[in-house]
Amino acid sequence: MSHSTPPGNWDGPWYRVQTEQFEAAFLPDAGEDPETVNNVDVFVDLKDGSRWSATIITLAQVEILMKSWAASGEALGGRYFWCSDGLIVRDAGISNMTQVLAGLIETGEFTQILQRLDE
């Protein structure tokens, strides 16, 4: 699976990416480089008018959080990770995350993984 990712643009705090299949509105931290994002909420509007959401986080960021929680005692001392409508990806960056979203649509897995918002 190889998808080219169109460049996004900033719209206030949102980083928006438009593809042939969907528009994704990512909410990175202020001043964060879109290509180093490793934990972000995204809202996806499909061409059929449906709206979806996810928290996309990298595997490396999950490991960092769990190590931190081991020290702080959160999440049973870092023994588990959970987030609502979470999607774990291998590589950081909004362009990679957009490619994953496109791949999930292509394979038909999108609706099983993201949370539908407009029902």
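The values are calculated or read from the model by the stated rules, or taken from the named source; none is laboratory data. Since this is a predicted model, take the numbers as computed values, not measurements. Methodologically, a virtual Cβ is constructed for each residue, glycine included, from the backbone with ideal geometry; neighbour enumeration extends over all protein chains shown.
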Given the criteria crowded, with 16+ Cβ neighbours inside 10 Å, modelled with pLDDT of 95 or more and among the small types (Gly, Ala, Ser), does Gly77 qualify?
no
Tabulated pairs, the range 1-22, first assigned to a loop (DSSP other than H, G, I, E, B), second modelled with pLDDT of 95 or more and of a type in the set (Ser, Thr, Tyr), C-beta under 6 angstrom, 6+ apart or interchain
Thr5/Ser95; Thr5/Thr98; Gly8/Tyr15
Do you know which residues across the range 88-119 are aliphatic (A, V, I, L, M) and either within 22 Å of Asn9 (Cα to Cα) or crowded, with 17+ Cβ neighbours inside 10 Å (or both)?
Val89, Ala92, Ile94, Met97, Val100, Leu101, Ala102, Leu104, Ile105, Leu114
Out of (1) over 14 Å from Asp41 (Cα atoms); (2) in a helix (DSSP H, G or I); (3) in contact (Cβ under 8 Å) with a residue 24 or more places away in the chain, what's the single condition that is false for Thr98?
(1)
Odd one out for Ala75, checked against (1) part of a helix (DSSP H, G or I); (2) out of contact with any helix residue (DSSP H, G or I) (no Cβ under 6 Å at 6 or more places or on another chain); (3) of a type outside the set (S, T, N, Q)
(2)
Matching residues, the range 33-67, being part of a loop (DSSP other than H, G, I, E, B), farther than 15 Å from Asp118 by Cβ and touching a residue at least 24 places away in the same chain (Cβ under 8 Å)
Val37, Asn38
